[in-house]
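To start, the structure itself, in structure tokens.
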Amino acid sequence: MPEDWDRIDALIFSEHLIQALQAIRDQRGPIPLPDAIDVLNERFLHLRDTRPDEFTVSLDGYGDNFYS
């Protein structure tokens, strides 16, 4: 489902991590949160390798504004 990844990718690029996790859980069905976090991390690493220019912050700075 490429269109689902397009939405998730856009959320990852814009650092909307909670929304990206929710979109992953919506796409994959009711999976546990730790599994969704693993999927998010795998996708993040894939995007860093294949589309690094689309990130607006460095790898070190990514997620700095995320508080839980």
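List of remarks:
- Candidates are the residues of segment 5-23 that are in contact with a helix residue (DSSP H, G or I) (Cβ under 8 Å, 6 or more places away or on another chain) and farther than 15 Å from Leu47 by Cα; the one that is most open to solvent (accessible area, probe 1.4 Å) is Gln19.
To keep it simple, each residue is scored yes or no on (1) of a type in the set (A, V, I, L, M); (2) in contact (Cβ under 8 Å) with a residue 40 or more places away in the chain; (3) closer than 14 Å to Asp4 by Cβ; (4) assigned to a loop (DSSP other than H, G, I, E, B).
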| site | (1), (2), (3), (4) |
| --- | --- |
| Gln22 | no, no, yes, no |
| Pro30 | no, no, no, yes |
| Ile37 | yes, no, no, no |
| Glu42 | no, no, no, no |
| Leu45 | yes, no, no, no |
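- Looking only at segment 24-49, and only at residues there that are within 14 Å of the chain's Cα centre (by Cα) and β-branched (Val, Ile, Thr), the one that is least open to solvent (accessible area, probe 1.4 Å): Ile24
The values are calculated or read from the model by the stated rules, or taken from the named source; none is laboratory data. Please read all numbers here as calculations on a predicted model, not as lab measurements. Here Cβ is always computed from backbone atoms with ideal geometry, including for glycine, and neighbour counts include all displayed protein chains. Please note that ligands, DNA and RNA were not included when accessible areas were found on the heavy atoms of the full protein model with its side chains. Shrake-Rupley method; radii C 1.70, N 1.55, O 1.52, S 1.80 Å.
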